[in-house]
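The values are calculated or read from the model by the stated rules, or taken from the named source; none is laboratory data. What you see is a predicted model, and the numbers here were worked out from it, not measured in a lab. Note that each Cβ is placed from the backbone with ideal geometry, even for glycine, and that neighbours are counted across all protein chains shown. Ligands, DNA and RNA are excluded from the accessible area calculation, which covers all protein heavy atoms including side chains. Shrake-Rupley method; radii C 1.70, N 1.55, O 1.52, S 1.80 Å.
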Amino acid sequence: VTSACKILKCNSEFWAATSGSHHLGTEEAPEFCTALRAYAHCTRRTARTCRGDLAYHSAVHGIDDLMVQHNCSKDGPTSQPRLRTLPPGDSQERSDSPEICHYEKSFHKHSAAPNYTHCGLFGDPHLRTFRDTFQTCKVQGAWPLIDNNYLNVQVTNTPVLPGSTATATSKLTIIFKSFQECVDQKVYQAEMDELPAAFADGSKNGGDKHGANSLKITEKVSGQHIEIQAKYIGTTIVVRQVGRYLTFAVRMPEEVVNAVEDRDSQGLYLCLRGCPLNQQIDFQTIRSAQATEGRARRKGPSLSAPPEAFTYETATAKCREKLPVEDLYFQSCVFDLLTTGDVNFMLAAYYAFEDVKMLHSNKDKLHLYERTRDLAPGNTAPSGTFPALWVALLCLSQCWLGLL
């Protein structure tokens, strides 16, 4: 129900259509009333699915108050939402933008270049941390991916199939915190079937501050791929919708990654420390006969049988179409196809690797072949390779609850 509620879209369209008109003269009142009626119409369309949403009820009451304040009639024309247009010259970064609003330019010429790191979340979900460890986790519900002095990223993961431990990202919230003369606080939210090309307030940059264009959203593919450049912190974020679910990838300087006032709180920060032990799925190899059959049986009478859309052979063949190197992205693809039967998870793994190629600063570390499991903060377990028998991923994902 929550993912079907489109109140955030209604809010964004209204603020985009009315940006600045509250402060104009009375001659703008008809345009404002038209946009307000469109806002009311949008809320009515989503009323059934938003019945229990507090933001929805707040919007409905707010519309009534604004109607009264501006003497707007409930009957009349409704406008099509228009995106807020930037003043002339704002399509490019201002040449006089403060140096502090460009992370790389703020370094002295003779200083060492910043070291960039990468984190990504995709598929079932699979997590690649800033330390280049690779994990597959359950993490159902809301979890923080990043939480530092400049940025907060939270994901919500929901079960892919009823009764399954396999989850995927259905909602993403990114909060860019206000920073000096560069940007105002901005919130970006995406959900299944809703990948906006603007912040929640309808804007596409960092607001009204002098360095606002050091934070910008670019739509690469409508409804499928957006990119956020936060130059003031040297950060690039890529969000995609592949099939029904979202993927996330980020390139960030180590200095920004580690900018946390409370060092102890970093344990909750998945991109830095990985998933908690009780949320990690520990894969082990199983008998070759099971790999040959391409089938795995779930232990535990309360759980449903796995999908049979792919055998191990057909899953590996499908994944090789997009991922010819049998690294962990390939193995994750096989696992997801066996677990979900949804070919979009193959595309999620493919695009996740494409984002690594674009965002990772060390081209020698693009492919990962070893899984690393964190034993405790700062400690890393011995890693092991697992070639063809990764069908065990399916088995242990589905048997995990029975092992607890």
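Values as computed for the structure displayed
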| read-out | value |
| --- | --- |
| Descending semi-axes in whole angstrom, ellipsoid equivalent of region 130-231, from the Cα gyration tensor | 28, 16, 11 |
| FRET efficiency estimate (nearest 0.05) - Cβ-Cβ, Ala47 to Ser361, R0 56 angstrom | 0.70 |
| Distance (nanometres) between label positions extended 7 Å along Cα→Cβ at Ser58 and Arg244 | 2.8 |
| Cα-Cα P(r), region 100-274, percent of pairs per 5 Å interval | 1, 8, 17, 21, 20, 16, 9, 4, 2, 1, 0, 0 |
| Where labels lie 7 Å past Cα in the beta-carbon direction, separation of Ala309 and Asp193 in nm | 1.7 |
| Links that overshoot a 18 Å alpha carbon limit, given the list Lys105/Lys231; Lys186/Lys209; Lys105/Lys186 | Lys105/Lys186 |
| Long pairs among Lys9/Lys318; Lys177/Lys318; Lys318/Lys365; Lys177/Lys322, criterion Cα-Cα beyond 32 Å | Lys9/Lys318; Lys177/Lys318; Lys177/Lys322 |
| Solvent-accessible area of Lys9 with every protein chain in place, 1.4 Å probe, in Å² to the nearest 10 | 90 |
| Paramagnetic reach from Ile100 (point 7 Å along Cα→Cβ, amide N under 18 Å) across region 140-166 | 149-151 |
| Length added when fully stretched, Glu255-Val325, from 0.36 nm per residue minus Cα-Cα | 22.0 nm |
| Region 100-274, accessible surface, carbon-and-sulfur percent (1.4 angstrom probe) | 47 |
| Region 177-229: GluC sites (Glu not before Pro) in DSSP coil with no more than 15 other Cβ atoms inside 10 Å | Glu181 |
